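See structure below.
Read the figures in this text as sums done on the coordinates, not as results from a lab. Everything quoted here is computed from the prediction, not taken from an experiment. All Cβ positions, glycine included, derive from the backbone under ideal geometry; neighbour counts span all protein chains shown.
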Amino acid sequence: MKSPLIQSLINRIQDRFSQAKSTARNTEAVVRPLPEETRTQIVQRLDQLPLPKPCLEAVRQTCSDAIARWQTSLEAANSLVILTEPVVPLNDILLQSLAELESDTLHIHHPLKTYQRPYDPLQISASLSEALDGVVPAEQGAADTPATLEQRQHVVVISALEQCFLRCIQGWESIEHLQKQVVHRQSCFWIIGCSSWAWAFLERVCRTSTYLEQVSPLPKLTDEELRDWLASLVKEAIFLNDSRDISAAKAGDRQSYWSALANLSEGRSTIAAQLWLHSLGIQAADLPDDESASLAPEDLSLCLRKPVLPSLPKLDQTDRYLLQSLLIHGSLTQAHLTLSLGEAETQVRSRLQILRREGVVRHDRDRITLNPGHLPRLRNELSNNNFLVGEEVS
């Protein structure tokens with residue numbers, strides 16, 4: 001026979017278990033996935049969101065300071081590398097943030113704005129030279145001779161270094177060619193955007209930091225900055241606590257939600273946007289009887305549940321090589337991905353179809369990219385299997 005104390009403990013455990021099951025049932029009854037039409041509207045609004053201001057301001061200030069040092073000191077470095085994750089739209093950030101620096105005495109050039117990597121990797125160096133010669137002024141005086149301060153009026157922006165090479169035999173000779181251009185054209189200041197994955201690879205194969213010494217990471221967004229960026233999309237939302245019990249939602253859950261989102265997304269807007277969208281739900285009471293009815297987000301009582309990273313499907317070794325190559329280059333055509341892997345085109349195509357069905361990769365016209373939400377788990381997956389990965393940029 002159980003003692004009264006033990007029986008009391010058993011009763012309390014059973015009561016809590018019953019309450020948890022009841023809460024889960026209640027939540028399932030009142031929280032539903034977004035209707036497809038509503039989800040589509042929110043995705044469209046996400047796509048139209050301006051770039052986060054803290055990113056633009058940080059890049060603008062970092063570049064402005066580096067250019068000012070170069071224009072006032074003959075000893076200052078004539079290049080600056082901005083590093084971030086491969087899923088961050090660094091090209092757009094650089095384009096917007098540098099626009100305000102243009103003046104009568106400082107000319108901003110984007111020679112690779114419409115650049116497309118040629119199919120043949122051996123032609124990349126020639127194509128880069130052609131693009132640069134079209135807008136970058138020729139160096140005056142002997143090679144390696146520092147330009148006078150008066151001559152320092154040109155800024156050359158290479159917004160995606162990962163698009164200037166291909167990981168294959170002789171595929172990164174173009175980077176060595178570009179490094180020589182930076183050294184020899186001292187009358188230009190070079191701003192180079194690069195993903196941390198491409199930088200890790202290039203550092204190993206051609207020691208890029210020897211030539212491009214000045215490196216600055218794109219700062220992460222804080223929970224408050226993510227909140228300010230995303231909250232405007234849904235004016236009113238119920239924040240659910242860890243138990244997902246609507247009745248228990250409190251104002252304090254708002255802070256814990258944004259803190260969790262910033263932590264899981266590593267402070268990157270594109271990852272945060274995916275996790276935020278996935279966490280959205282709707283109260284069943286607000287669903288119309290006609291499931292095909294179109295409902296605007298502002299007409300609904302939306303719920304924000306605890307954000308979670310999407311699960312990765314089971315990956316084989318071919319998948320890992322494919323995804324690593326994709327992350328090193330940011331985006332690839334199927335033809336370039338096949339060249340990079342050295343595999344049969346049919347095998348690469350079949351693996352891509354599976355990964356796309358699983359939501360790991362996506363196609364944007366003819367380009368293949370990683371779904372941003374999968375980056376944190378994928379980095380761990382590849383690192384645990386002894387693949388070279390880009391470190392999380394602070």
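Using the Cβ-Cβ distance between Glu100 and Leu312 with R0 set to 51 Å, the FRET efficiency works out to roughly 0.80.
Where in segment 33-132 are there trypsin sites (Lys or Arg not before Pro) that are in a DSSP coil and have at most 12 other Cβ atoms within 10 angstrom of their Cβ? Qualifying residues, ordered by number: Lys113. Modelled spin labels at Glu392 and Gln123, positioned 7 Å past Cα toward Cβ, are 4.2 nm from each other. Exceedance of the 28 Å cut-off in Cα-Cα distance is limited, within the set Lys220/Lys314; Lys220/Lys306; Lys113/Lys314; Lys53/Lys113, to Lys220/Lys314; Lys113/Lys314. The modelled label-to-label distance between Arg356 and Gln44, using points 7 Å beyond Cα along the C-beta direction, is 2.4 nm.
Suppose R0 equals 41 Å; then what is the FRET efficiency for Thr333 and Arg254 from their Cβ-Cβ distance, rounded to the nearest 0.05? Given R0 = 41 Å and the Cβ-Cβ separation, E is 0.45.
How large is Rg over Rh for segment 317-370, taking Rg from the Cα atoms and Rh as the Kirkwood inverse mean of 1/r across Cα pairs?
0.90
With the Cα gyration tensor of segment 164-212 in hand, give its eigenvalues times 5 under a square root as the equivalent ellipsoid semi-axes, listed largest first in whole angstrom.
With the √(5λ) rule applied to segment 164-212, the semi-axes are 19, 12, 9 Å.
Listed peptides 170-180, 310-320, 71-81 appear in the order 170-180, 71-81, 310-320 once ranked by packing, highest mean of other Cβ atoms within 10 Å at the front. Placing R0 at 56 angstrom, the Cβ-Cβ distance between Glu75 and Ser232 gives a FRET efficiency of 0.75 after rounding to 0.05. Overall, segment 317-370 carries a charge dipole of about 140 debye about its Cα centre when +1 sits on the Cβ of Lys and Arg and -1 on the Cβ of Asp and Glu, all other atoms neutral.
Listed peptides 48-54, 62-68 appear in the order 62-68, 48-54 once ranked by packing, highest mean of other Cβ atoms within 10 Å at the front. A straight chain from Gln116 to Asn385 at 0.36 nm per residue would run longer than the Cα-Cα distance by 93.6 nm. Placing a label point 7 Å from the Cα of Glu173 along the Cα-to-Cβ direction, the residues of segment 183-220 whose backbone N falls under 18 Å of that point are 205-207.
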